[in-house]
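Below you'll find the structure, written out as structure tokens, and then a few comments.
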Amino acid sequence: MATDFMSRALALAWTAPEPTSPNPTVGAAVVADGEIVGEGVTEPPPGRHAEVVALEQAGERARGATLYVTLEPCRHFGRTPPCTEAIIAAGIPEVHYAVADPGEKSGGGHAVLEAAGIRVSAGEGEAEARRINEAFFKNRESGLPFVIGKFAASLDGRIAAASGDSRWVSGPEAREWSHRLRTRIDAIICGSETIVVDDPLLTARPGGCDAPRQPLRVVVDSRGRVAPMARVFTFAKHGDHVDLEELIRELAKRDVVTALVEGGGVLLGGFFDRGLVDKVHAVIAPLIVGAADAPGVISGQGAYRMADALRLREITVERLGEDILVTGYPHYPDPPD
């Protein structure tokens, strides 16, 4: 369980105002005489890391203070100098961090700080810190992006009417939430059917305005159906089928840490069949389409028996206006074929 000061650092990370990818989102608090005298959140690249922001805010009061931070301070020169150097120079005698940095270059700050005579404690609030940066840890540990499968469906599992019309399944609150989500991901993946039918922009427009940071837009088009004048910038592979595993490996090379798969049903089915989805966001709207030939949410190989159906774990449920948002993590009992 996290102490009040680590809880503050975790809260800062949860509520970071701007995305920091490909860097993790980190919160830090400098504590002197039982009082927080400096706090910070990692800035978007190439900005300062959370520790440096907090130390600079604390100023001279950092000398002799304790630092609480949600991730092990980095020890390497990247876009910014090592945080370990800043901590040592500030005269911090004690550091508490929640979770170790898994990076080969950035990890190892614990040992550097101890070698400088600083008391170091790790593990407080570790589970929460890992959840905050679940995409970062998946990427660092596997070399692949963290993949989110997202869809909006009616109560009877349809993503469009029989005509193919899908505007709008969900309500305005859910659409606003979706646009805010897009500001936090690195790439958005969509199938060619969605592009042909809806011609979407696939951009982040929270509040109706273009966000300053836009995701890479990726169209999976195995048959070359998308017209050159489509509004979306395409990344497509042509042939009989698209190799989805190769696609996400290619995205990893482009510094994509989090990828959002928005459909349609065939594409989502392909990702689920291959065990590539790490997290699910399902928006359920209080609608009944009722048409047997209306497009469904997922059109994959799927489960032959109910016992083999993919189940979600660690489920949360919240209201988005009249819609319901169900979030969870797929449990793949056996390695997919």
field: Subset of segment 94-152 (residues that are among the hydroxyl-bearing types (Ser, Thr, Tyr) and assigned to a strand (DSSP E or B))
entry: 97, 121
- request: Mind listing just one residue for me: the one in segment 1-27 that is of a type outside the set (A, V, I, L, M) and open to solvent by less than 10 Å² (accessible area, probe 1.4 Å) and, of those, farthest from residue 186 (Cα to Cα)?
  value: 27
task: May I ask you to verify whether residue 143 is on the phi > 0 side of the Ramachandran plot and at pLDDT 90 or above?
output: yes
- prompt: Do we find a residue being open to solvent by 50 Å² or more (accessible area, probe 1.4 Å) and under 22 Å from residue 18 (Cβ atoms) anywhere in segment 95-115?
  reply: no
query: Is it true that residue 172 is in contact with a helix residue (DSSP H, G or I) (Cβ under 6 Å, 6 or more places away or on another chain) and open to solvent by 20 Å² or more (accessible area, probe 1.4 Å)?
result: no
- request: Assess whether residue 246 counts as being without any contact (Cβ under 8 Å) to a residue 24 or more places away in the chain, open to solvent by 20 Å² or more (accessible area, probe 1.4 Å) and within 27 Å of residue 19 (Cβ to Cβ).
  value: yes
message: I want to confirm something. Restricting to segment 181-205 and keeping residues that are modelled with pLDDT under 85 and part of a helix (DSSP H, G or I), which single residue is surrounded by the most Cβ atoms within 10 Å (Cβ to Cβ)?
response: 194
- request: Select from segment 106-145 the residues that are of a type in the set (D, E, K, R) and more than 30 Å from residue 61 (Cα to Cα) and list them in ascending order.
  value: 131, 134, 138, 140, 141
query: Restricting attention to segment 130-156, which residues are surrounded by fewer than 22 Cβ atoms within 10 Å (Cβ to Cβ), among the aliphatic types (A, V, I, L, M) and more than 27 Å from residue 70 (Cβ to Cβ)?
result: 155
query: With 53, 30 as the choices, which residue is in contact (Cβ under 8 Å) with a residue 40 or more places away in the chain and open to solvent by less than 30 Å² (accessible area, probe 1.4 Å)?
result: 30
task: Have a look at 213, 225 and point out the one that is closer than 16 Å to residue 190 by Cβ, open to solvent by 50 Å² or more (accessible area, probe 1.4 Å) and at pLDDT below 95.
output: 225
query: If you take the residues of segment 270-313 that are of a type in the set (Asp, Glu) and over 21 Å from residue 185 (Cα atoms), which of them is modelled with the lowest pLDDT?
result: 293
message: Can you list residue pairs whose Cβ atoms sit under 8 Å apart, with the first residue in segment 162-181 being under 12 Å from residue 295 (Cα atoms) and the second being at pLDDT below 90 and assigned to a helix (DSSP H, G or I)? Count only pairs 6 or more apart in sequence or on different chains.
response: 164/197; 166/197; 166/198
- prompt: Among the residues of segment 75-85, which ones are open to solvent by 30 Å² or more (accessible area, probe 1.4 Å) and either in contact with a helix residue (DSSP H, G or I) (Cβ under 6 Å, 6 or more places away or on another chain) or at pLDDT 95 or above (or both)?
  reply: 75, 85
field: Residues that are under 11 Å from residue 151 (Cβ atoms) and either without any contact (Cβ under 8 Å) to a residue 60 or more places away in the chain or not in a loop (DSSP other than H, G, I, E, B) (or both), drawn from segment 273-300
entry: 280, 281, 282, 283, 284, 296
field: Answer residue from segment 264-294, given it is more than 20 Å from residue 178 (Cβ to Cβ) and acidic (Asp, Glu) and is least open to solvent (accessible area, probe 1.4 Å) among those
entry: 273
statement: Apart from one, (1) under 30 Å from residue 24 (Cβ atoms); (2) modelled with pLDDT of 90 or more all hold for residue 235; the odd one out is (2)
task: Working only within segment 301-337, note down all residues that are open to solvent by 50 Å² or more (accessible area, probe 1.4 Å) and touching a residue at least 24 places away in the same chain (Cβ under 8 Å).
output: 301, 302, 310, 312, 322, 324, 332, 335, 336
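The values are calculated or read from the model by the stated rules, or taken from the named source; none is laboratory data. Everything numeric here is computed off the predicted structure, so don't read it as measured data. Cβ atoms come from the backbone with ideal geometry, glycine included; neighbour counts cover every protein chain shown. Each accessible area value is taken on the protein alone, full model and side chains, heavy atoms only, with ligands, DNA and RNA left out. Shrake-Rupley method; radii C 1.70, N 1.55, O 1.52, S 1.80 Å.
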